[in-house]
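Chemist: Below is a structure I'd like to ask you about.
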């Protein structure tokens, strides 16, 4: 049994939207590795509390931390310290016994009048997880844990792709049916402040968002972004988490990031 924790960066609106990209990230692990992974994160949080004064119980919102917004602003952390904190989180993700699938929807490339951003991203994500688990053992199963705010929409998608699901052929010969079989239960809700793993999914999704934003030129960084964070710094963060990335999710991307539309 595997557990997949989801979070996103950017909004899933279309055709009206506030962010040009939408990133959906999933961290998934075998249940037997859950305790070890949790312990490594707990130890990191204790070190960050000792070294930087970052409270152990404060929820990690990567974007707000980097942009020095509340509740982090009152901690009086310098740009350098906040960047160091993110880098230590990235290092930890790279050491954990889990895998990560990232899906990016570039809304500036969507030509259809109607496009369900979250439905599309989740479908591609679940397909990649199932493909990976089938290679390990066709009998593998997994369930989804996500923040309460998106459970309803995710439930609709996951129920649909278990009944009927079309996949684009790699050989350009149309589509074929392959229903999702390894997913069990509806997505289960959990408050992000109560889950280190959802918070790490937020971390990865935010970094992937900024990395792809810099790479594609689809938009600009927030004016409160520290000057030290540029394309090279984001690439360094991607390299730190790379050991845990499912690189087979997309062979056309060096970090396995699934990008649509093509």
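The values are calculated or read from the model by the stated rules, or taken from the named source; none is laboratory data. Here the structure is a predicted model, which means the values were calculated and not measured. Glycine also receives a Cβ, built like all others from the backbone with ideal geometry; neighbour counts cover every protein chain displayed.
Chemist: Scan region 16-55 for residues that are touching a residue at least 60 places away in the same chain (Cβ under 8 Å), part of a helix (DSSP H, G or I) and in contact with a helix residue (DSSP H, G or I) (Cβ under 7 Å, 6 or more places away or on another chain) and jot them down.
Modeler: 38, 41, listed by residue number.
Chemist: Can we say residue 208 is in contact with a strand residue (DSSP E or B) (Cβ under 7 Å, 6 or more places away or on another chain), at pLDDT below 95 and part of a helix (DSSP H, G or I)?
Modeler: It is false that residue 208 is in contact with a strand residue (DSSP E or B) (Cβ under 7 Å, 6 or more places away or on another chain), at pLDDT below 95 and part of a helix (DSSP H, G or I).
Chemist: Here's another thing I want to ask about it. Quick test for you: out of 253, 186, pick the one residue that is touching a strand residue (DSSP E or B) at 6+ places or on another chain (Cβ under 7 Å) and either closer than 21 Å to residue 64 by Cβ or not in a strand (DSSP E or B) (or both).
Modeler: That would be 253, the only listed residue that is touching a strand residue (DSSP E or B) at 6+ places or on another chain (Cβ under 7 Å) and either closer than 21 Å to residue 64 by Cβ or not in a strand (DSSP E or B) (or both).
Chemist: State whether one or more residues within region 193-202 are touching a strand residue (DSSP E or B) at 6+ places or on another chain (Cβ under 7 Å) and either without any contact (Cβ under 8 Å) to a residue 40 or more places away in the chain or more than 22 Å from residue 39 (Cα to Cα) (or both).
Modeler: Checking region 193-202: not a single residue is touching a strand residue (DSSP E or B) at 6+ places or on another chain (Cβ under 7 Å) and either without any contact (Cβ under 8 Å) to a residue 40 or more places away in the chain or more than 22 Å from residue 39 (Cα to Cα) (or both).
Chemist: Give 182, 254 a once-over and let me know the one that is under 17 Å from the mean Cα position of the chain (by Cα) and either surrounded by fewer than 16 Cβ atoms within 10 Å (Cβ to Cβ) or modelled with pLDDT of 95 or more (or both).
Modeler: Only one candidate passes the filter, namely 254.
Chemist: While we're on this one: When you scan region 216-234, how many residues do you find that are more than 16 Å from the chain's Cα centre (by Cα) and surrounded by 13 or more Cβ atoms within 10 Å (Cβ to Cβ)?
Modeler: 9
Chemist: For the subset of region 56-86 comprising residues that are in a loop (DSSP other than H, G, I, E, B) and in contact with a helix residue (DSSP H, G or I) (Cβ under 7 Å, 6 or more places away or on another chain), which member is nearest to residue 23 (Cα to Cα)?
Modeler: So the residue we want is 61.
Chemist: Sticking with this structure for a sec: Just to check your reading of the model, which residue among 85, 66 is more than 18 Å from the chain's Cα centre (by Cα), modelled with pLDDT of 95 or more and within 17 Å of residue 237 (Cα to Cα)?
Modeler: Exactly one residue qualifies, and that residue is 85.
Chemist: Would you list the strands (runs of 3 or more DSSP E) that sit entirely within region 89-168 and hold 1 or more residues that are at pLDDT 95 or above and in contact with a strand residue (DSSP E or B) (Cβ under 6 Å, 6 or more places away or on another chain)?
Modeler: Output list reads 99-106, 142-146.
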